[in-house]
Amino acid sequence: MQGFNKYYPPDYDPSQGSLNKVRGKHALGDRARKLDQGILITRFELPFNIWCGTCNNHIGMGVRYNAEKKKIGAYYSTPIYSFRCKCHLCDGWFEIQTDPKASNTRYVVTSGARQKDEDWNPEENGGFAVHDTEKEGAPVDPLAALEKITDAKTHMEKVQKPRIESLQNVSEHYNSDPYSLSLKVRKRFRENKKIELKKKQVDDNIKERYGLPATMSLLEDDDKAVEAAKSEWLKAKQDHDEREAKRRKTTLDITSLSSSGSSSRSLAKSLKIPASGSGSGSGSGSDALSLLRSKILRNTAKNSSAIRSIPSSSVLP
């Protein structure tokens, strides 16, 4: 299944080897044209900014070249490679090598170019330089070193060792019988699950009864909340009863005043008292009737204003 997109001539014999061997070509193609000299053509990307030594032009970091890769030595067991590239702005060549002695990821320019120095100095950019507070050449006080070792041993014996022992005891306690502990945990989980399902069913019934949205979360019932709600309901009911009694009393007073006014008018009519006359009797009768009429009108206006002042939302269901 590896022979796709390859032409096998009719006289090809698998015993001769691969197609590359039969045709006298390398598997890497043109990249291996200098392989007999130990050079392999690879795609190399500049790791830093440089200036070409031939044309003195700046070449930015990240520019890629078809470089000649060659092993030129080793640092212990780490090989040292050189990458020889041709400048794309002129005909000059420059060479970059790996430097495993300084760092595993460091490159140095050996010929044909010069590297741009971009070391960042924190003091020049408003920062603070990092200094080594513990110098290697400082003399060591033997008494201070002994005291430090003694303090470390004391701390280990009095703090670290008891702490490790307590952790081991806790671990042994919880790992001594894992089956019984798992049984207790699962039992408690089932009990809590039943309680949650029961509470959810009650909440769903309440939401369905009062038409509440299904996503609304209801508060949990407790004794204090129940007592507070009950006291508020009793207080509202008492206020409602007082307003109803006052309204009934006002209605009765209006009815009695209306009936008394009508009876007085009928009495005056039966006695045939004129509305206006010249005698003293007729004047006293009209004054009494006018006084009664004005009193009835005042009481009626007062009671009607009291009824309008009662809010309609104060009546509980």
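The values are calculated or read from the model by the stated rules, or taken from the named source; none is laboratory data. Since the structure is predicted, the reported quantities are computational estimates derived from the model, not experimental observations. Cβ atoms come from the backbone with ideal geometry, glycine included; neighbour counts cover every protein chain shown. Areas reflect the complete protein model, heavy atoms only, side chains present, ligands, DNA and RNA absent. Shrake-Rupley method; radii C 1.70, N 1.55, O 1.52, S 1.80 Å.
Listed by first and then second residue, the pairs linking a residue in the stretch 36-47 that is in contact (Cβ under 8 Å) with a residue 24 or more places away in the chain and in a strand (DSSP E or B) to a residue that is surrounded by 17 or more Cβ atoms within 10 Å (Cβ to Cβ) and among the hydroxyl-bearing types (Ser, Thr, Tyr), with Cβ atoms under 9 Å apart and 6 or more places separating them unless they lie on different chains, are Arg43/Tyr65; Phe44/Tyr65.
Just need a number here: residues in the stretch 213-248 that are open to solvent by 90 Å² or more (accessible area, probe 1.4 Å) and charged (D, E, K, R). Within the stretch 213-248, residues that are open to solvent by 90 Å² or more (accessible area, probe 1.4 Å) and charged (D, E, K, R) number 12. Residues of the stretch 67-88 being surrounded by fewer than 14 Cβ atoms within 10 Å (Cβ to Cβ) and either within 17 Å of Tyr107 (Cβ to Cβ) or more than 53 Å from the chain's Cα centre (by Cα) (or both), which ones? Selection gives Lys71, Ile72, Gly73, Ala74, Tyr75, Thr78, Pro79.
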